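The values are calculated or read from the model by the stated rules, or taken from the named source; none is laboratory data. Values in this document were obtained by computation on a predicted structure and should not be read as measured data. Cβ placement follows ideal geometry from the backbone for every residue including glycine, while neighbour counts extend to all protein chains displayed.
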There are 2 protein chains.
Amino acid sequence: MDGVERKTFVQTQRKVSILDMVLRVLALILTLAAAIVLGMNKQTKIVPIKIIATLPPVSVPVPARWHYLSAFTYHVVTNAIACAYAAISLLLVLVIYKGGKSRGGLVIVIIVLDLTMVALLSSGNGAAGAVGIIGRRGNSHVQWKEVCSVFGKFCDRVAASVLLSLLGSLAFFFLVAFGALRLKKLN
Amino acid sequence: MDGVERKTFVQTQRKVSILDMVLRVLALILTLAAAIVLGMNKQTKIVPIKIIATLPPVSVPVPARWHYLSAFTYHVVTNAIACAYAAISLLLVLVIYKGGKSRGGLVIVIIVLDLTMVALLSSGNGAAGAVGIIGRRGNSHVQWKEVCSVFGKFCDRVAASVLLSLLGSLAFFFLVAFGALRLKKLN
């Protein structure tokens, strides 16, 4: 590379590294928010329950917690892992771009880890989304009744958490795509 | 590149393209198998149901079909899409590697599409897996009863389909990772 090429290369790398870091910060915020919104989600409702058929129903407080369903636990865990990784990877990209140098080996490791986060978050979104849909609509074939007419606030927060996590997984998706594009541009 | 370098480059490209194609064929077979195993899944059981409390229970045939639960429909659709894409991408990689040439732009497009398949299959696996777990264990908090003690064969096939799809998504995962590695090697 001559002087002009070197300058253009460093400028392009700087632009890419800023985009990379913005996406990582976004992924961190979104997955953290998704984990918090579902992890702090609880709602208690007073529901009339008939204990003895001949007596009037008794009002019982029924709680809804995120860890009652394994799909929601999995969703919170995947988002917590992705959030922690986003923080660690921010430090790693600082090492990569320090001084405008390109370290291909580390870029590949980061692309594979970003890709793992896409897979992990997508599976968590699928799990929480599928259970959320049954909670909202119920299913007559297996006689699983909908619960969202009682625990509306809880269900809305599950939906919000899935949406945040979906946006977080999109951020990791673009990180993998831009990572590959960066490797191509180095050719 | 001189003559020796060119020969080594073409040999490396050929090895990589064979690995790429083997993984694509594997992905095609696994996702096709996953879609068929769940898409052809049906079981009918004769279940005694009490229609009138004072009369003895009546034996009623109760069917279990894959499209009764939206998570299973989503799982079949994602695997069908991934299977069709695996077939199309096999033709695309033949274009890329024809004559040992490297076409960076098309490689990037294929990496992004492979990545989309990882996300799509992972979300399908998460959805079918989460609903399958509730079907197997039930959930006392939302009063969703387990159904796998009655529809055991149906549940086993759901598990087999999720496993096949998981292996299919792993094939796409490695395709993205090797795609990035290939771009790095071209540096």
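A few comments on the model shown:
- Selection within the stretch A:33-43: residues that are surrounded by fewer than 20 Cβ atoms within 10 Å (Cβ to Cβ) and at pLDDT 95 or above. The member of this set that is nearest to A:F172 (Cα to Cα) is A:A33.
- Scanning the stretch A:150-180 for residues that are among the aliphatic types (A, V, I, L, M), at the interface with chain B (Cβ under 10 Å from one of its Cβ atoms) and touching a helix residue (DSSP H, G or I) at 6+ places or on another chain (Cβ under 6 Å) yields A:L166, A:V176, A:A177, A:A180.
- Unique match (being of a type in the set (A, V, I, L, M, F, W, C), in contact with a helix residue (DSSP H, G or I) (Cβ under 8 Å, 6 or more places away or on another chain) and under 17 Å from B:A127 (Cα atoms)) among A:L120, A:L115, A:L90, A:L106: A:L120
- Taken over the stretch A:112-149, the criterion of being surrounded by fewer than 24 Cβ atoms within 10 Å (Cβ to Cβ), of a type in the set (V, I, T) and at the interface with chain B (Cβ under 7 Å from one of its Cβ atoms) is satisfied by A:V112, A:I133, A:V142, A:V147.
- Against the criterion of being at pLDDT below 95 and among the polar types (S, T, N, Q), A:N79 does not qualify.
- Residue within the stretch A:137-154 that is among the basic types (K, R), in a helix (DSSP H, G or I) and touching a strand residue (DSSP E or B) at 6+ places or on another chain (Cβ under 8 Å) present: yes
- Complete set of residues in the stretch A:143-187 that are in contact with a Leu (Cβ under 7 Å, 6 or more places away or on another chain) and closer than 30 Å to B:Q143 by Cβ: A:R157, A:V158, A:S161, A:L164, A:S165
- Scope the stretch A:142-187; condition farther than 15 Å from A:Q43 by Cα and more than 24 Å from the chain's Cα centre (by Cα); matching residues: A:V142, A:Q143, A:W144, A:K145, A:E146, A:R182, A:L183, A:K184, A:K185, A:L186, A:N187
- Of the residues A:A159, A:A171, A:A130, the single one that is at pLDDT 95 or above, under 30 Å from B:V60 (Cβ atoms), out of contact with any strand residue (DSSP E or B) (no Cβ under 8 Å at 6 or more places or on another chain) and part of a helix (DSSP H, G or I) is A:A130.
- Residue match in the stretch B:145-161 (condition: aromatic (F, W, Y) and farther than 26 Å from A:V76 by Cβ): yes
- Which listed residue is within 11 Å of chain A (Cβ to nearest Cβ) and either without any contact (Cβ under 8 Å) to a residue 60 or more places away in the chain or aromatic (F, W, Y) (or both), from B:V95, B:V58, B:V77, B:V109: B:V109
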